[in-house]
Amino acid sequence: MSGAGLLGSAQSVSQAVALHCEGITKAFQGVHAVNGAAFEIPQGQITALIGPNGAGKTTVVNVLSGAMKCDAGRAFLGDTEITNWPSYKIARQGLLRTFQLSRELGGLTVLENLLTAPPHQAGDSLVNVLLRPGSIRRQEREHAERALHLLEVYRLYRHRDTRARELSGGQKKLLEMARAVMASPKVLLLDEPMAGVNPALIDLIGDYILDLKRSGVTVLMIEHNLNVVEKICDYVIVLAEGRTLATGRLSELRENTEVVKAYLGEVMDAGAAR
Ligand SMILES: Nc1ncnc2c1ncn2[C@@H]1O[C@H](COP(=O)(O)OP(=O)(O)OP(=O)(O)O)[C@@H](O)[C@H]1O
Ligand SMILES: [Mg+2]
């Protein structure tokens, strides 16, 4: 597993890298959304990806998760190059993501949304269907137990038979997270997991993300709320105009005049005005 480079000397000595990218570039109709972004995501930590609106954060996550192909650059999950792989193949390698605007399967029930999440289903294989029906039934039972457990944890159990499209915005965010967790990710990319949710849920979602870290999942989360970043994130990447402007701890970045000028100043002023 790669371990050197952009994390800086203090971290690179001992810190393995779960995911890294270099020179990621993506343009839409000739306009660069991402323009050479490069960073490393330390394994087993929670990393925040922050930056102004339109900085290219979601586009980077789209590229890393295979939802979008980049024009240039390379991405690696551990030592495996995943550049421009399709998302199903990246998911099989253990990298899952959630969306800024929830993409639950609205016509399915909450429980069905979870049951369709795991990437390796024994019943997907014709050989298993024909020769090992018992193993399929066992796996289905295990998946159902895990799904119901996750729905309890994510406070969605009583909505298990509700069509996903009928959930509130916050509940949809929780469902997206539970769906991703159901697939047992090694690396989870969360695009604004707390945006638009009831403030009472923000701490809860933060606790879920900390739980994921405790269970060994590496998390990269796009987040605008600096209180959340301060509370739960170990490490921060600042993206501005499609480039990595700076990386480090939030406390260090607050002292970085370039970062304050590009983003933090504006967010801190907004926070102070509230
Ligand atoms: N599918 C697309 N087609 C055309 N332009 C796009 C597309 N997706 C993103 N863009 C443009 O690329 C730029 C970066 O967008 P992106 O959504 O990655 O920013 P972001 O950092 O996630 O912003 P926000 O904080 O508002 O979510 C923006 O100018 C956006 O309008
Ligand atoms: Mg975005």
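Check residue 33: other-chain or 5+ apart residues with amide H under 5 Å from its amide H, H built from backbone geometry?
Result for residue 33 returns 26, 27, 28.
Multiply the residue gap between residue 260 and residue 198 by 0.36 nm, knock off their C-alpha separation, and tell me the result in nm, one decimal place.
The residue 260-residue 198 span can extend by a further 19.5 nm.
Taking the Cβ of each residue in 156, 204 as the centre, tally the other Cβ atoms inside 10 Å and list the residues starting with the fewest. Before the final figure, lay out each step's value.
Working: 156 22, 204 16.
By the 10 Å Cβ count, ascending: 204, 156.
Residue by residue through the stretch 151-157, which ³J(HN,Hα) values in whole Hz follow from phi under the Karplus form 6.51 cos²θ - 1.76 cosθ + 1.60 (θ = phi - 60°), with glycine and proline marked x?
Going residue by residue, I get 5, 5, 4, 8, 6, 10, 4 Hz, with x marking Gly and Pro.
For the chain, with only Lys/Arg (+1) and Asp/Glu (-1) charged at the beta-carbon, what is the dipole magnitude about the Cα centre, in debye rounded to 20? Don't jump to the answer; show the numbers that get you there.
Working: 30 positive and 29 negative charges, 159 e Å.
Once rounded to the nearest 20, the dipole reads 760 debye.
Once amide H atoms are built 1.01 Å from N in the peptide plane, which residues 5 or more positions from residue 72, or in another chain, come under 5 Å H to H?
25
Output wanted: per-residue J couplings in Hz (rounded whole) for the stretch 172-186, from phi through Karplus 6.51 cos²θ - 1.76 cosθ + 1.60, θ = phi - 60°, x for Gly and Pro.
5, 4, 5, 5, 4, 5, 4, 4, 5, 5, 4, 7, 6, x, 8
For the stretch 33-40, take each phi angle, set θ = phi - 60°, evaluate the Karplus expression 6.51 cos²θ - 1.76 cosθ + 1.60, and give the result in whole Hz per residue in order, putting x for glycine and proline.
8, 10, 9, x, 4, 8, 6, 10
Please arrange 257, 109 by counting, for each residue, the other beta carbons lying within 10 Å of its beta carbon, fewest first. Intermediate results must be reported in sequence, preceding the final value.
Values: 257 9, 109 16.
Taking fewest neighbouring Cβ atoms as first place, the list is 257, 109.
Past 29 Å, Cα to Cα: identify those pairs from 26/261; 57/186; 186/261, in the order given. Write out the running numbers ahead of the final one.
Numbers: 26/261 24 Å; 57/186 21 Å; 186/261 35 Å.
With Cα atoms farther than 29 Å apart: 186/261.
Between residue 89 and residue 163, 0.36 nm times their residue separation minus their Cα-Cα distance comes to what? Intermediate values should be presented prior to the final figure.
Numbers: separation 74, 0.36 × 74 = 26.64 nm, distance 2.79 nm.
Fully extending the segment from residue 89 to residue 163 adds 23.8 nm.
Collect residues whose amide H, placed 1.01 Å from N in the peptide plane, falls under 5 Å from the amide H of residue 162; neighbours closer than 5 in sequence don't count.
Placed amide hydrogens put 110, 111 under 5 Å from residue 162.
For the chain, what does -39500 (n - 2.57) per DSSP helix run (n ≥ 4), summed and divided by total residues, give at 222 nm, in deg cm²/dmol to the nearest 500? Write out the running numbers ahead of the final one.
Numbers: 11 runs with 102 residues, N = 274.
Taking each H run of at least 4 residues, the total per residue is -10500 deg cm²/dmol.
Rule-based calculations on the coordinates, nothing more; no lab input. These figures come from a predicted structure and were not determined experimentally. FYI the Cβ positions are ideal-geometry reconstructions off the backbone, even for glycines, and counts take in every protein chain you see.
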